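**Q** Please find one structure pasted underneath; my questions will follow.
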Amino acid sequence: MTKTKSGRIVTAAAVAATWAGASLAADFSACQVTDTGGIDDNSFNQTAWKGVEDAVSELGVTGRYLESTAETDYEANINSLLGECDIIITVGFLLGDATKKAAEANPDQMFSIVDFAYDPTIPNVLGQVYATDEAAFLAGYLAAGMTQTGTLGTFGGINIPPVTIFMDGFYRGAMYYNAQNGTEVTVLGWNPDTGEGLFTNNFDSLDDGRAFAQNLYDEGADIVLPVAGPVGLGSAALADELGIDALKIVGVDADLYLTDPEKKHVYLTSITKRMDATVREVIALAQAGDFEGGVLVGTLENGGVDLAPFHDMEDLVPAELKEQVEAIRAGIIDGSIAVDG
Amino acid sequence: MSERETEAGLAESLLRRAAPDRSEFEDLVIVPIFAVVVALILGALTMLATNVDLPTIGKSYLALVQGSVGSLNALSETLTAAAPLTLAGLGIALGFRAGLFNIGAEGQLLVGGMAAVITGFSFPGLPMAIHLPLALLAGAVAGGLYAGIAGWLRAATGAHEVILTIMLNLIAFRLVDYMLRLPWIQREGRADPISRSVLTSAELPRIFTWLDPNLRLHLGIVLTLAAVLLVHWVLFRTKLGFEFRASGAGPDAARYAGMRAGLLIVIVMACAGALAGLAGANQVLGVLGRATPGFSSGIGFDAIAVALLGRSHPWGVLAAGLLFGALEAGGRQMQVSAGVSIDLIGIIQALIIAFIAAPLLVRAIFPWGFRRAAKTPKE
């Protein structure tokens, strides 16, 4: 008797479980393939992953990620997520080829890629790009107003557009400061006209970040902008040792004051590229069924790029300079100031 | 009486040939199997120590199996990853056989890959029957010549090949960086170091795209198997192979027997480099379709472990290459299904190698797996 009863209960439970399983399967899943810096790089990959995490908590989707350890992983990683995820988000310019290949072979799979815009566009890929030079222009202006030595420095990871666009904006912002104030601040490490500058040629060596910052410091720079993901943490370590009077760092991608709490005091500000905002936006679009291939551009106007607060350095930045930066921000948004030289 | 004795001796030697020495069997089969088992157990303990719960550990090892052999795609990924490791591993095994410790596979792979890519994007209009073999040949020749430098320096000056090959690796890294920025190699419209794309006529064609367009397995696996057979034949069936092995087992004896040690070193290194160069060609022509600074992705270093694990025997190297390929493909699946870090696979790989390199340790842990050492060399 009891046996049959419990047997029935088990059957009922099994039916309920099947139902629960079915509704779970209807969930929307977003998957991310990182670049070689790793998911915990305090910067690029981590910011994009935060977008997925935000979508998980706010939109009720499921999210997961795959880390690439080498370039040969890109395609394999994307392939292993095919059919497992509703949308696959690849993070980084270097994944451009692999994403294109996978998207063309699987036209029914939704893709989105951070930092790459296809020309012509692919119907099932939404590219996320950023007018980073707008925010970097503000940072360049600010840094030119803050420098004691009259020399700023910058270096990049690899000479690719999503990296050099920071350096372009930073350089031109500093030049704009010179033009406005009659100063002669120089920027070492990048020349937007020749397209040549300092590059570590990797996105993972903290030692390089330290060595490059040291070189720039030795050449007189007292504010350095490293545009190389976690490599910049090495530069921050140097600034920490030298003291912020000798060397300040401008962060990139995320507000490094928040993501690098151990060295937070060395950051003058950060040029934030709100990949979390655009990634979350793309997931929301896809979940709502409004996904369309094309390009999504983050700007100062829509908050896709911005300048982080000064935090501890709030009192170091003169009020007048702050006002000028705000005026330039408005000028960039309304189009009266051109950031592309 | 004496006739019967020789008969018995003959029978015994025939028997021995039919059933290889038990201790050899233990070394080649049982030690690796137990090493893998211990490594997986220690891997599980590592996961436990990093706060991964037991169900997830079970799930991740299940994913390891599924991702490596559990589906057509998994098998394809395993073989795709195994091919370059096996090719480069064969080269290193050749060196070991001849008593040379070649750390330079990574550099030889880079140089070979670059040569293959350059051949692959030049010569538009060539039919595939000519273009593809030409690109492969370019990879092998370039890798062979590059390794030949180390071999020649070793033979001519006595400089140690470990140092030579490590230094040549460093040079190869920078050489590739430099070459990828040369205007005739760099892809148009790109400022970062990336080569032009390999033409279709020089690509190693994918074998199973008619089943599923995402299956990446390409003709390189056939090339790899052919290389295994060729190396086996050379090593055990030719005079040259005998000389390799003789100079590895007893360099002085080999010299007294009239073998030209210097020349042999150069030839061994060149063959090893050619195999590593083929591994590079396999990657750029079969997997990537282009070259970037990171295209070698450490295969040349992993291949050292593959050669060691395979006990420098061609079949062993193939088996070890397959194991490493399986770990790579399965490791990916561990990330996908269980969310376990890819770094863990690296730890498990390292543990496997460590245990295989220490057979006495494995024998001590699993005493019942082995026959007691009856003939100790001390006697």
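The values are calculated or read from the model by the stated rules, or taken from the named source; none is laboratory data. All values reported here derive from a predicted model rather than from experimental measurement. Cβ sites come from the backbone with ideal geometry, for glycine too, and all protein chains shown count toward neighbours. With ligands, DNA and RNA removed, areas are computed over all heavy atoms of the protein, side chains included. Shrake-Rupley method; radii C 1.70, N 1.55, O 1.52, S 1.80 Å.
**Q** Which ones in segment A:167-186 are open to solvent by less than 20 Å² (accessible area, probe 1.4 Å) and within 14 Å of chain B (Cβ to nearest Cβ)?
**A** Of segment A:167-186, the ones open to solvent by less than 20 Å² (accessible area, probe 1.4 Å) are A:167, A:169-170, A:173-174, A:185.
Residue satisfying the conditions is A:167 alone.
**Q** For segment A:232-248, which residues satisfy the criterion of being part of a loop (DSSP other than H, G, I, E, B) and in contact with a Leu (Cβ under 9 Å, 6 or more places away or on another chain)?
**A** Residues of segment A:232-248 part of a loop (DSSP other than H, G, I, E, B): A:243-247.
Once the filter is applied, which keeps residues that are part of a loop (DSSP other than H, G, I, E, B) and in contact with a Leu (Cβ under 9 Å, 6 or more places away or on another chain), segment A:232-248 yields A:244, A:247.
**Q** Okay, next question. Can you tell which of A:151, A:121, A:132 is modelled with pLDDT of 95 or more and either closer than 24 Å to residue A:317 by Cβ or open to solvent by 10 Å² or more (accessible area, probe 1.4 Å) (or both)? It would help to see each step written out before you state the result.
**A** Numbers: A:121 fails: modelled with pLDDT of 95 or more; A:132 fails: modelled with pLDDT of 95 or more.
Answer to the selection: A:151.
**Q** Residues in segment A:293-341 that are over 25 Å from residue A:128 (Cα atoms), acidic (Asp, Glu) and under 20 Å from the mean Cα position of the chain (by Cα): how many?
**A** 0
**Q** Condition first: under 14 Å from residue B:107 (Cβ atoms), over 8 Å from the mean Cα position of the chain (by Cα) and away from chain A (no Cβ under 14 Å). Now tell me which residues in segment B:297-308 satisfy that.
**A** Answer for segment B:297-308, where residues must be under 14 Å from residue B:107 (Cβ atoms), over 8 Å from the mean Cα position of the chain (by Cα) and away from chain A (no Cβ under 14 Å): there is none.
**Q** Give the residues of segment B:288-308 that are assigned to a helix (DSSP H, G or I), in contact (Cβ under 8 Å) with a residue 24 or more places away in the chain and either open to solvent by 10 Å² or more (accessible area, probe 1.4 Å) or of a type in the set (Asp, Glu) (or both), sorted by residue number. Please lay out each step first, then the result.
**A** Our first condition is that a residue be assigned to a helix (DSSP H, G or I); within segment B:288-308, this holds for B:288, B:299-308.
Filter again for in contact (Cβ under 8 Å) with a residue 24 or more places away in the chain, leaving B:299-308.
Scanning segment B:288-308 gives B:299, B:301, B:302, B:304, B:305, B:308.
**Q** Here are some residues: A:220, A:229. Which one is closer than 17 Å to residue A:92 by Cα and in a loop (DSSP other than H, G, I, E, B)? First the steps, then the outcome.
**A** On the way: A:220 fails: closer than 17 Å to residue A:92 by Cα.
Unique residue meeting the criteria: A:229.
**Q** Which of (1) of a type outside the set (Lys, Arg); (2) closer than 23 Å to residue B:321 by Cβ; (3) outside any loop (DSSP other than H, G, I, E, B); (4) open to solvent by less than 30 Å² (accessible area, probe 1.4 Å) is the odd one out, the single condition residue B:246 does not satisfy?
**A** All conditions pass for residue B:246, except number (2).
**Q** What is the residue count in segment A:30-59 for residues that are buried (at least 21 other Cβ atoms within 10 Å of the Cβ) and in a helix (DSSP H, G or I)? Please lay out each step first, then the result.
**A** Pass one, segment A:30-59, residues buried (at least 21 other Cβ atoms within 10 Å of the Cβ): A:30-38, A:41-49, A:51-52, A:55.
The next check asks that each one be in a helix (DSSP H, G or I); those that pass are A:44-49, A:51-52, A:55.
Of the residues in segment A:30-59, 9 are buried (at least 21 other Cβ atoms within 10 Å of the Cβ) and in a helix (DSSP H, G or I).
**Q** If we scan segment B:272-290, do we find a residue that is of a type in the set (D, E, K, R), more than 18 Å from residue B:102 (Cα to Cα) and within 14 Å of chain A (Cβ to nearest Cβ)?
**A** Initially, segment B:272-290 is screened for residues of a type in the set (D, E, K, R), giving B:290.
In the following step, the residues that additionally are more than 18 Å from residue B:102 (Cα to Cα) were identified as B:290.
Narrowing the set further to residues that are within 14 Å of chain A (Cβ to nearest Cβ) leaves B:290.
Checked against the condition, which is being of a type in the set (D, E, K, R), more than 18 Å from residue B:102 (Cα to Cα) and within 14 Å of chain A (Cβ to nearest Cβ), segment B:272-290 yields at least one hit.
**Q** When you look at residue A:102, is it in a helix (DSSP H, G or I), at the interface with chain B (Cβ under 8 Å from one of its Cβ atoms), without any contact (Cβ under 8 Å) to a residue 12 or more places away in the chain and under 24 Å from residue B:217 (Cβ atoms), yes or no? Working first, answer last.
**A** On the way: in a helix (DSSP H, G or I): yes; at the interface with chain B (Cβ under 8 Å from one of its Cβ atoms): yes; without any contact (Cβ under 8 Å) to a residue 12 or more places away in the chain: no; under 24 Å from residue B:217 (Cβ atoms): yes.
For residue A:102, the condition - in a helix (DSSP H, G or I), at the interface with chain B (Cβ under 8 Å from one of its Cβ atoms), without any contact (Cβ under 8 Å) to a residue 12 or more places away in the chain and under 24 Å from residue B:217 (Cβ atoms) - is not met.
**Q** Is it the case that segment B:219-226 has a residue that's within 11 Å of another protein chain (Cβ to nearest Cβ) and either buried (at least 20 other Cβ atoms within 10 Å of the Cβ) or part of a helix (DSSP H, G or I) (or both)? Before you say what the answer is, go through the steps one by one.
**A** Narrowing segment B:219-226 to residues within 11 Å of another protein chain (Cβ to nearest Cβ): none.
Checking segment B:219-226: not a single residue is within 11 Å of another protein chain (Cβ to nearest Cβ) and either buried (at least 20 other Cβ atoms within 10 Å of the Cβ) or part of a helix (DSSP H, G or I) (or both).
**Q** Among (1) within 13 Å of the chain's Cα centre (by Cα); (2) in a helix (DSSP H, G or I), where does residue B:311 come up short?
**A** Failing condition for residue B:311: (2).
**Q** Continuing with this model, one more query. With respect to residue A:137, is the statement that it is crowded, with 24+ Cβ neighbours inside 10 Å, of a type outside the set (Asp, Glu) and in a loop (DSSP other than H, G, I, E, B) true? Outline the logic, then answer.
**A** Details: crowded, with 24+ Cβ neighbours inside 10 Å: yes; of a type outside the set (Asp, Glu): yes; in a loop (DSSP other than H, G, I, E, B): no.
So residue A:137 does not fit the description; no.
**Q** Tell me which residues, restricted to segment B:229-242, are open to solvent by less than 40 Å² (accessible area, probe 1.4 Å) and assigned to a helix (DSSP H, G or I).
**A** Matches in segment B:229-242: B:231, B:234, B:235, B:241.
**Q** Now for a different question. Identify all residues within segment A:99-110 that are under 21 Å from the mean Cα position of the chain (by Cα) and either β-branched (Val, Ile, Thr) or crowded, with 24+ Cβ neighbours inside 10 Å (or both); write none if there are none.
**A** Across segment A:99-110, the qualifying residue is only A:99.
**Q** Sticking with this structure for a sec: Tell me which of these residue B:335 doesn't satisfy, since it passes every other one: (1) touching a residue at least 40 places away in the same chain (Cβ under 8 Å); (2) within 14 Å of chain A (Cβ to nearest Cβ).
**A** Looking at each condition in turn, residue B:335 falls short on (1).
**Q** Can you tell me which residues in segment A:61-96 are touching a residue at least 40 places away in the same chain (Cβ under 8 Å), open to solvent by 10 Å² or more (accessible area, probe 1.4 Å) and within 7 Å of chain B (Cβ to nearest Cβ)?
**A** Of everything in segment A:61-96, just one residue is touching a residue at least 40 places away in the same chain (Cβ under 8 Å), open to solvent by 10 Å² or more (accessible area, probe 1.4 Å) and within 7 Å of chain B (Cβ to nearest Cβ), namely A:84.
**Q** Return a yes/no flag: does segment B:65-84 have any residue that is open to solvent by 10 Å² or more (accessible area, probe 1.4 Å), in contact (Cβ under 8 Å) with a residue 24 or more places away in the chain and more than 14 Å from chain A (Cβ to nearest Cβ).
**A** Checking segment B:65-84: at least one residue is open to solvent by 10 Å² or more (accessible area, probe 1.4 Å), in contact (Cβ under 8 Å) with a residue 24 or more places away in the chain and more than 14 Å from chain A (Cβ to nearest Cβ).
**Q** Moving on to the next point. Run residue A:263 past the list (1) open to solvent by 10 Å² or more (accessible area, probe 1.4 Å); (2) in contact with a Ser or Thr (Cβ under 8 Å, 6 or more places away or on another chain); (3) of a type outside the set (A, V, I, L, M, F, W, C) and report the number of the one that doesn't hold.
**A** Condition (2) is where residue A:263 drops out.
**Q** Please tell me if residue B:198 is of a type in the set (A, V, I, L, M, F, W, C), in a loop (DSSP other than H, G, I, E, B), closer than 29 Å to residue A:109 by Cβ and open to solvent by less than 60 Å² (accessible area, probe 1.4 Å).
**A** It is true that residue B:198 is of a type in the set (A, V, I, L, M, F, W, C), in a loop (DSSP other than H, G, I, E, B), closer than 29 Å to residue A:109 by Cβ and open to solvent by less than 60 Å² (accessible area, probe 1.4 Å).
**Q** Could you look through segment A:275-303, keep only residues that are open to solvent by 50 Å² or more (accessible area, probe 1.4 Å) and touching a strand residue (DSSP E or B) at 6+ places or on another chain (Cβ under 6 Å), and pick out the one that is farthest from residue A:153 (Cα to Cα)?
**A** Only one residue fits best here, namely A:295.
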